[in-house]
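A.B. asks: First the structure, then my questions, so here it is.
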Amino acid sequence: MLLQRQYSLPNCRLRIEGLSGQAGAEQLDIVTLCEWEIIDQNQRVKGGKKFLVALLNSVPAAAQTWLSGVKLRRSPQYPIQVEIRASNQVSLRIPRKLLQVPPEENAEPPANDEAGETLEVHLTWLQFADLVEALDQLCSDSQTLPTLIPTFHSLPRRAIAPAVPLRKQLMPLGIGAASLAVMAAIFFHLPVPERRPPREEAVPPTPEAVTPSPAPTTPATPNP
Amino acid sequence: MPATIESPEVELLPPILAALPDPQGVSVCPRRARWQLDLLLLALECVDLHASELMLQVLRDLQLQVMIPNRVVFWQIRCTNPFRQITQRTPLPLAETKALTAVVVQVARRQTAILRHLLLVLDQLQAQNLPPETYAPLAEYLDRFRRHFRKRMNLQRSGLFLYKNNQALNELGLKLLAQLLLCAGTKGMERLWFSLFDGEVS
């Protein structure tokens, strides 16, 4: 039995089609179509189960990383590359092998991608938030895909790029070692000072030195 | 001999916080999480003038007064943000962090309409190549955000040196609007909670 579920938000519509093995069942057993419609742009992106899984793996994780504001050590290996930039811009690069291309579009080369292997979709923050919300609603809906359980996890420490890059951390050490080497080279070429024995003959005292200083005048102390 | 009932001591948490598990290997709220939570609360206060009262109301509604009984404690907890001018060096326990997360999410959910409206107007202004200050409510929000930020945060810290510039502060304010909308979603609380510990778990 063919079943259809739709999650509608002001800027995004997510439609899931699938088959149920039992008559009268309300849950999908097999996903046959996942259609994501960006309403403002009149653009529809269609795919199968692989496309849905890729969306679920990539988009919420990118949203969480953007929310935390951390920088990753290396770009995540998700099937869909999500880049959230400042100034209200989000871009999604979706591999075309995940998509179902309509027959009329096969004849024309892809206009928005030079390589032709990925479809690049540009969104605003609001459209991206709607996509995340639609996926969250899908995951929370026990009537659609009950096996789909949203899982969250924090990124481990090793996945995060250090706040100060290693090159900057090592720069003071390098400058110190270089200056030490330069100074060592300079002092190596300087001659070693010779030790002179102290002279035996004493210098006769000058007449000024032997003139007695005037006796200090002490104030007279009153007798008790 | 009188009968005694021995029961293990269980920490009683409000039911809404049950969805937020303790992260592995973290016993207190990390420094970046304190900064992030305080910043989100600050943005909420700038979106709505009555948000600070709404936060206290949410604390009562969610039965979070066990952890944050009044506005003084709430202020003290927010002052654990290391970038504030008046900052407290006391560690922030995870239970209070969960309470702050719940407050952010609940207040953001109640302000979803305003958040969506401001972001929608931002899209339209950008499409016409107009600055955000062209629209009065957006300009008011940004102006309030800049004033509150500069009044409360210590701009002499090297991390905040960037925000002496109005443009950088405006970009931060706009980004926080979108982040609050993500927090207000169906799984927003879990998403915010786990994002607070990104890069902190082993």
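A.B. asks: What are the residue pairs meeting all of these: first residue in segment B:123-141, first residue free of Cβ contacts under 8 Å to residues at least 60 places away in the same chain, second residue part of a helix (DSSP H, G or I) and open to solvent by 70 Å² or more (accessible area, probe 1.4 Å), Cβ atoms under 7 Å, and 6 or more apart or on different chains?
C.D. replies: From residues that are free of Cβ contacts under 8 Å to residues at least 60 places away in the same chain, the pairs are B:LEU125/B:THR134; B:ALA139/B:GLU133.
A.B. asks: While we're on this one: Any idea how many residues of segment A:57-101 are open to solvent by 60 Å² or more (accessible area, probe 1.4 Å) and at positive phi?
C.D. replies: Result for segment A:57-101: 1.
A.B. asks: I'd like to check something: does segment B:100-123 contain any residue that is basic (Lys, Arg) and open to solvent by less than 20 Å² (accessible area, probe 1.4 Å)?
C.D. replies: Among the residues of segment B:100-123, not one is basic (Lys, Arg) and open to solvent by less than 20 Å² (accessible area, probe 1.4 Å), which makes the answer no.
A.B. asks: Could you identify the single residue in B:SER202, B:SER195 that is facing chain A (nearest Cβ under 10 Å) and buried (at least 21 other Cβ atoms within 10 Å of the Cβ)?
C.D. replies: On inspection, the qualifying residue turns out to be B:SER195.
A.B. asks: Restricting the search to segment A:4-38, which residues are within 32 Å of the chain's Cα centre (by Cα), surrounded by 15 or more Cβ atoms within 10 Å (Cβ to Cβ) and assigned to a loop (DSSP other than H, G, I, E, B)?
C.D. replies: A:ASN11, the sole residue that qualifies.
A.B. asks: A further question follows. Which of the residues that make up segment B:175-192 are open to solvent by less than 10 Å² (accessible area, probe 1.4 Å) and more than 7 Å from chain A (Cβ to nearest Cβ)?
C.D. replies: B:LEU176, B:LEU177, B:LEU180, B:CYS183, B:GLY188
Here's the yes/no breakdown for (1) in contact (Cβ under 8 Å) with a residue 60 or more places away in the chain; (2) under 22 Å from B:PHE197 (Cα atoms); (3) within 14 Å of chain B (Cβ to nearest Cβ):
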{"position": "A:LYS46", "(1), (2), (3)": "no, no, no"}
{"position": "A:PHE51", "(1), (2), (3)": "no, no, no"}
{"position": "A:PRO60", "(1), (2), (3)": "yes, yes, yes"}
{"position": "A:TRP66", "(1), (2), (3)": "no, yes, yes"}
{"position": "A:VAL70", "(1), (2), (3)": "yes, yes, yes"}
{"position": "A:ILE80", "(1), (2), (3)": "no, no, no"}
{"position": "A:GLU83", "(1), (2), (3)": "no, yes, no"}
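A.B. asks: Looking only at segment B:24-33, count every residue that is touching a residue at least 60 places away in the same chain (Cβ under 8 Å) and open to solvent by 20 Å² or more (accessible area, probe 1.4 Å) and tell me the total.
C.D. replies: Residues that pass the stated criteria total 6.
A.B. asks: While we're on this one: Across segment B:143-188, what is the total count of residues that are within 15 Å of A:ALA129 (Cβ to Cβ) and touching a residue at least 12 places away in the same chain (Cβ under 8 Å)?
C.D. replies: Result for segment B:143-188: 10.
A.B. asks: Here's another thing I want to ask about it. Would you check if there is a residue in segment B:142-161 being modelled with pLDDT of 90 or more and hydroxyl-bearing (Ser, Thr, Tyr)?
C.D. replies: The answer is no; no qualifying residue exists.
A.B. asks: Turning to a different aspect of this structure: Does B:ASP61 satisfy the condition of being of a type outside the set (Phe, Trp, Tyr) and more than 14 Å from chain A (Cβ to nearest Cβ)?
C.D. replies: yes
A.B. asks: Okay, next question. Filter segment B:46-73 down to the residues that are surrounded by 15 or more Cβ atoms within 10 Å (Cβ to Cβ) and within 19 Å of B:PHE149 (Cα to Cα) and list them by number.
C.D. replies: Hits for segment B:46-73 are B:CYS46, B:VAL47, B:ASP48, B:ALA51, B:SER52, B:MET55.
A.B. asks: Related question: Tally time: how many residues in segment B:34-79 are touching a residue at least 24 places away in the same chain (Cβ under 8 Å) and more than 19 Å from A:GLY69 (Cα to Cα)?
C.D. replies: 17
A.B. asks: Take the conditions more than 30 Å from B:GLN65 (Cα to Cα) and in a helix (DSSP H, G or I) and apply them to B:LEU115. Does it pass?
C.D. replies: Considered against the rule, which asks whether it is more than 30 Å from B:GLN65 (Cα to Cα) and in a helix (DSSP H, G or I), B:LEU115 comes out as no.
A.B. asks: Is segment B:148-162 home to any residue that is within 21 Å of A:GLN89 (Cβ to Cβ), open to solvent by 40 Å² or more (accessible area, probe 1.4 Å) and in a loop (DSSP other than H, G, I, E, B)?
C.D. replies: No, every residue in segment B:148-162 fails to be within 21 Å of A:GLN89 (Cβ to Cβ), open to solvent by 40 Å² or more (accessible area, probe 1.4 Å) and in a loop (DSSP other than H, G, I, E, B).
A.B. asks: Something else: Return only the number of the condition from (1) free of Cβ contacts under 8 Å to residues at least 40 places away in the same chain; (2) outside any loop (DSSP other than H, G, I, E, B); (3) in contact with a Phe, Trp or Tyr (Cβ under 8 Å, 6 or more places away or on another chain) that B:LYS98 does not satisfy.
C.D. replies: Here B:LYS98 clears every test but (1).
The values are calculated or read from the model by the stated rules, or taken from the named source; none is laboratory data. Since this is a predicted model, take the numbers as computed values, not measurements. In this analysis, Cβ positions are derived from the backbone assuming ideal geometry, glycine residues included, and neighbour counts consider all displayed protein chains. Just so you know, the surface numbers come from the protein's heavy atoms only, side chains and all, with ligands and any DNA or RNA stripped out. Shrake-Rupley method; radii C 1.70, N 1.55, O 1.52, S 1.80 Å.
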